[in-house]
Ligand code: AMP
C-alpha cells in the first residue's frame, strides 16, 4: 500500500493524475476540494459555511479539512490514498502525519507538480468537466468532439467551476504561495519530495509519477 500527496498550485493537474492513479493502481483519491464542493451542492450546514470562502478563492479553516480527511481515512484503501489538495498548510501536514501514524501507515511520496503561472491561467480559465462521469476537458487543448456533449458518456451536463475565473485564480495562487508552498521545503527536509514537470502531456506526467511510485 502506497500513500502519496499530489502537491501543486491550482491547475497543476492534480485531479487529472489522481483519477489516472485510481484506475491504474486501485488507489483512492481524497480531494478535500471535491468533498467541500459536494457539501455545497447538497446544501449542508458545512456547505453553507464554506461557500463564500471558496467562491473568493481563500482557504477554509484547517479544522474543517482535517475533520473531512480523518472521516474518509476510516475506510481503508486497498491500493493506498492519493491526497489531492490536502494538506495545504503546515498545520494540515502535521495533522496528516499524526493520522497516518495512528493507523501505523506511512507517507510514501510527495509529488510536486511544477507549472508556471502564465500556463495556469490559460489552463484554468478554459477548463470544464462532465458532471456525470467526471471527464476533464479544455476549450483549447481538449475540447469535446461534439460541442456540449461528453465524449466518454454522452452527457450534456458539462460544468465549469465557479472559482475558475481569472480574478479568483489570483487569490487562489496567492493562497498557494503564502500557505501551501512552504510544504515543499517541509517534505524536502523529510526526504519525501519528488518533482515532476506538470506542464508536460498528461501521459508523460503519469509516467513520471509512476516512476516515483515504483521506487517508493
Ligand atoms: P480545489 O478543488 O482543491 O482547488 O479546492 C477548491 C477550494 O476548496 C479551495 O480554493 C479552498 O477554498 C477549499 N479547499 C480545498 N482543500 C482545502 C484545504 N486542504 N485547506 C483549505 N481549503 C481547502
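No lab work stands behind these numbers, since they all come straight from the coordinates. Just so you know, these numbers come straight off a predicted model, no measurement behind them.
Numbers for the structure displayed
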| read-out | value |
| --- | --- |
| Inter-centroid distance (Cα atoms) of the stretch 150-216 relative to the stretch 66-124, Å | 11 Å |
| Extension gain, residue 188 back to residue 106 (0.36 nm per residue minus Cα-Cα distance, nm) | 27.9 nm |
| Three-way shape label, the chain, alpha-carbon gyration tensor, a/c 1.5 | rounded |
| Additional length obtainable on full extension of the chain from residue 55 to residue 155, 0.36 nm per residue less Cα span | 33.4 nm |
| Dimensions in Å of the stretch 90-146 - Rg and Dmax from alpha carbons | 17.7, 49 |
| Stokes-Einstein translational diffusion, the stretch 119-165 - Kirkwood Rh over all Cα pairs, 0.692 mPa s, 37 °C, in µm²/s | 307 µm²/s |
| Extension reserve of the residue 71-residue 181 stretch, reckoned as 0.36 nm per residue once the Cα distance is removed | 37.1 nm |
| Sorted largest first, extent of the stretch 49-112 alpha carbons per principal axis (Å) | 36, 25, 20 |
| Value of D in µm² per second that Stokes-Einstein yields for the stretch 1-109, Kirkwood Rh from Cα pairs, at 37 °C (0.692 mPa s) | 229 µm²/s |
| Mean Cα-pair separation over length for the chain, i.e. relative contact order, pairs under 8 Å, 6 or more apart, % | 30 percent |
| Cubic angstrom per residue, convex hull over Cα atoms of the stretch 167-216 | 82 Å³ |
| Debye intensity ratio in log₁₀ form over the Cα atoms of the stretch 93-216, taken at each q of 0.11, 0.14, 0.18 Å⁻¹ | -0.54, -0.84, -1.14 |
| Kirkwood Rh, Cα atoms: Rg over Rh of the stretch 1-61 | 1.03 |
